[in-house]
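Here, each number is a calculation from the coordinates, and none is a lab measurement. This one's a predicted model, so the numbers in the text were calculated from it and none came from an experiment. Neighbour counts are summed over all protein chains in view; Cβ atoms, including those assigned to glycine, are modelled from backbone coordinates with ideal geometry.
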Amino acid sequence: MNLSDQWDVLTEARRTLPVPVKSLPAMLGIKMKPAFLPSGISGMLEKNGESFLVTINAADPDTRQRFTLAHELGHYMLHRHLIGDGLDDDRAYRSTEVGKYHNTLIGPKEETEANKFAANLLMPREAIARERERLGNDVSKMANLFGVSEHAMSIRLGVPYPRA
Ligand SMILES: [Zn+2]
């Protein structure tokens, strides 16, 4: 599947809430497996020849797994040329030496890009505007509807997160 078809898959997925992020790897032609990664690691993206494998820490809550997966898909879509053999993301979504890989080509700029990609994938702007009309700034209901953490949703809505 070429890059333009892959972007179409992502656009289509944004029409459903919660965005079916866990179906996306298969639809994009990459492998995914949940695994119990070291506790400091949220996700991993590996490249073997032309094939990619994304691993998500199965010990994390579902909302975090979804965000991690969206973040790794961001690296896959935006930073494919920098992945080398692989990368690990720590709990703050920074490339780290704690895991199997220490990818120094993925820096703060790339991490910010992957986080923005993840937020836009899981909380599409149009859907946020539409549902906000209905639910207002009810962070808990909005978070549930989009399948994200209340923290992620409060950032997206630009409202204070009471438990921060
Ligand atoms: Zn990352």
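Within the stretch 123-143, can one find any residue that is within 11 Å of the ligand (Cβ to nearest atom), free of Cβ contacts under 8 Å to residues at least 60 places away in the same chain, part of a helix (DSSP H, G or I) and surrounded by 17 or more Cβ atoms within 10 Å (Cβ to Cβ)?
No, there is no match, as no residue in the stretch 123-143 is within 11 Å of the ligand (Cβ to nearest atom), free of Cβ contacts under 8 Å to residues at least 60 places away in the same chain, part of a helix (DSSP H, G or I) and surrounded by 17 or more Cβ atoms within 10 Å (Cβ to Cβ).
Within the stretch 30-78, which residues are surrounded by fewer than 23 Cβ atoms within 10 Å (Cβ to Cβ), in contact (Cβ under 8 Å) with a residue 40 or more places away in the chain and of a type in the set (D, E, K, R)?
46, 62, 64
Just the residues that are more than 9 Å from the ligand (Cβ to nearest atom), surrounded by 16 or more Cβ atoms within 10 Å (Cβ to Cβ) and hydrophobic (A, V, I, L, M, F, W, C), please, taken from the stretch 99-117.
117
Which of the residues spanning the stretch 59-98 are within 10 Å of the ligand (Cβ to nearest atom) and among the acidic types (Asp, Glu)?
Those that are within 10 Å of the ligand (Cβ to nearest atom) and among the acidic types (Asp, Glu): 72, 88, 89, 90.
Can you name the condition, by its number, that residue 42 falls short on among (1) out of contact with any Ser or Thr (no Cβ under 6 Å at 6 or more places or on another chain); (2) more than 14 Å from residue 122 (Cβ to Cβ)?
Failing condition for residue 42: (1).
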